[in-house]
Amino acid sequence: MTPSGGPRRDESRAAPVVEPLPDRPLALVDTGEKRVLALADYHAGLEAALRAEEGVGAASRADERRETVVDAVEETAPDRLVVGGDFMHSIGGPGGAERGEIEVLLEAVDVPVTVVRGNHDGAIDDWLQGAAVTDARGVRLGAVGFAHGHTWPAPELLRAEVVCVGHEHPCVRLVDDVGGRRVERVWLRGRLSLDPFREAGYDLPDAAPELVVFPAFNDLSGGTWVNEERD
């Protein structure tokens, strides 16, 4: 029997795969139809915001960020690059450094780009050229859904086999035997709980999709510790 609200998942084809790149906050995603290079929480121009808002004199890492993405595109040869939200850092209109960083990156990337609107992306589609911008509810590509994670997703994402989100900036705080501390960005994987969506009136699939939470691409953007209890 076919469940209401959408077709049953096709069990005959290969399952989608989300494979993080070693030592980099990007993943190569096989959607079952295309190969997608994905990242989340790029936060372009963050250093300028830190200087203006907090008086932190952080040197720009725009070149380093761009090279990381361009190198990954060249290495993996994807069909598309997906930015899973918060491409920008300023919630309003972008400053010069922020907009310039994004424009230079898009000029350097030779594959189609999809930007999923995040809570920092404001009216990014008013000025952004060279990329397709989705609404905040996300987009489904093949068997994989992409959303930023700050708002309710489009219903069709729940019928994907895997849902990829950002927004949370997951990380762990590690302490060595002599008391030294460091913070590492991490990936989270698990089964998406359907209970909140049931309460919100979504038409649910038979089985919950896998959930993959991406680390923040920008390591200056802070994080949520997932190995310590919150106050």
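Looking at 125, 71, which is the one that is farther than 30 Å from residue 197 by Cβ, of a type in the set (D, E, K, R) and either under 18 Å from the mean Cα position of the chain (by Cα) or not in a loop (DSSP other than H, G, I, E, B) (or both)?
Only one candidate passes the filter, namely 71.
Taking segment 71-117 as the region of interest, how many residues are among the aliphatic types (A, V, I, L, M) and over 24 Å from residue 138 (Cα atoms)?
The total comes to 3.
Residue 17: under 26 Å from residue 117 (Cβ atoms), of a type in the set (Val, Ile, Thr), in contact with a helix residue (DSSP H, G or I) (Cβ under 9 Å, 6 or more places away or on another chain) and modelled with pLDDT of 70 or more, yes or no?
no
In this structure, is residue 140 of a type in the set (Lys, Arg), outside any loop (DSSP other than H, G, I, E, B), surrounded by 18 or more Cβ atoms within 10 Å (Cβ to Cβ) and touching an Asp or Glu at 6+ places or on another chain (Cβ under 8 Å)?
For residue 140, the condition - of a type in the set (Lys, Arg), outside any loop (DSSP other than H, G, I, E, B), surrounded by 18 or more Cβ atoms within 10 Å (Cβ to Cβ) and touching an Asp or Glu at 6+ places or on another chain (Cβ under 8 Å) - is met.
Step by step: first the residues of segment 88-102, then only those that are surrounded by fewer than 22 Cβ atoms within 10 Å (Cβ to Cβ) and at pLDDT below 70, then the one that is nearest to the chain's Cα centre (by Cα). Which residue is that?
91
Look at residue 108 and say whether it is modelled with pLDDT of 95 or more and under 18 Å from the mean Cα position of the chain (by Cα).
no
Filter segment 200-222 down to the residues that are acidic (Asp, Glu) and assigned to a loop (DSSP other than H, G, I, E, B), then identify the one that is surrounded by the most Cβ atoms within 10 Å (Cβ to Cβ).
219
Yes or no: segment 172-183 includes at least one residue that is out of contact with any Asp or Glu (no Cβ under 9 Å at 6 or more places or on another chain), of a type outside the set (S, T, N, Q) and crowded, with 20+ Cβ neighbours inside 10 Å.
Looking through segment 172-183, none of the residues is out of contact with any Asp or Glu (no Cβ under 9 Å at 6 or more places or on another chain), of a type outside the set (S, T, N, Q) and crowded, with 20+ Cβ neighbours inside 10 Å.
Would you please list the contacts, defined by Cβ atoms under 6 Å and residues six or more apart or on different chains, that run from a residue in segment 103-129 that is under 16 Å from residue 85 (Cα atoms) to a residue that is assigned to a strand (DSSP E or B) and of a type in the set (Phe, Trp, Tyr)?
Matching pairs, first to second residue: 116/146.
Among the residues of segment 144-164, count how many are over 13 Å from residue 205 (Cβ atoms) and of a type in the set (A, V, I, L, M).
Qualifying residue count for the region: 3.
Among the residues of segment 117-139, how many are under 18 Å from residue 73 (Cβ atoms) and either at pLDDT 95 or above or of a type in the set (Asp, Glu) (or both)?
Residues that pass the stated criteria total 2.
If residue 168 passes every condition in (1) surrounded by 15 or more Cβ atoms within 10 Å (Cβ to Cβ); (2) of a type in the set (Asp, Glu); (3) closer than 14 Å to residue 82 by Cα but one, which one does it miss?
(3)
Out of everything in segment 175-230 that is under 29 Å from residue 37 (Cβ atoms) and among the acidic types (Asp, Glu), what residue ends up being farthest from the chain's Cα centre (by Cα)?
The qualifying residue farthest from the chain's Cα centre (by Cα) is 184.
Mind listing just one residue for me: the one in segment 54-86 that is small (Gly, Ala, Ser) and modelled with pLDDT under 95 and, of those, farthest from residue 218 (Cα to Cα)?
By that ranking, first place goes to 55.
The values are calculated or read from the model by the stated rules, or taken from the named source; none is laboratory data. None of these values were measured; they are calculated from a predicted model. Note: ideal-geometry Cβ built from the backbone for every residue, glycine included; neighbour counts use all protein chains shown.
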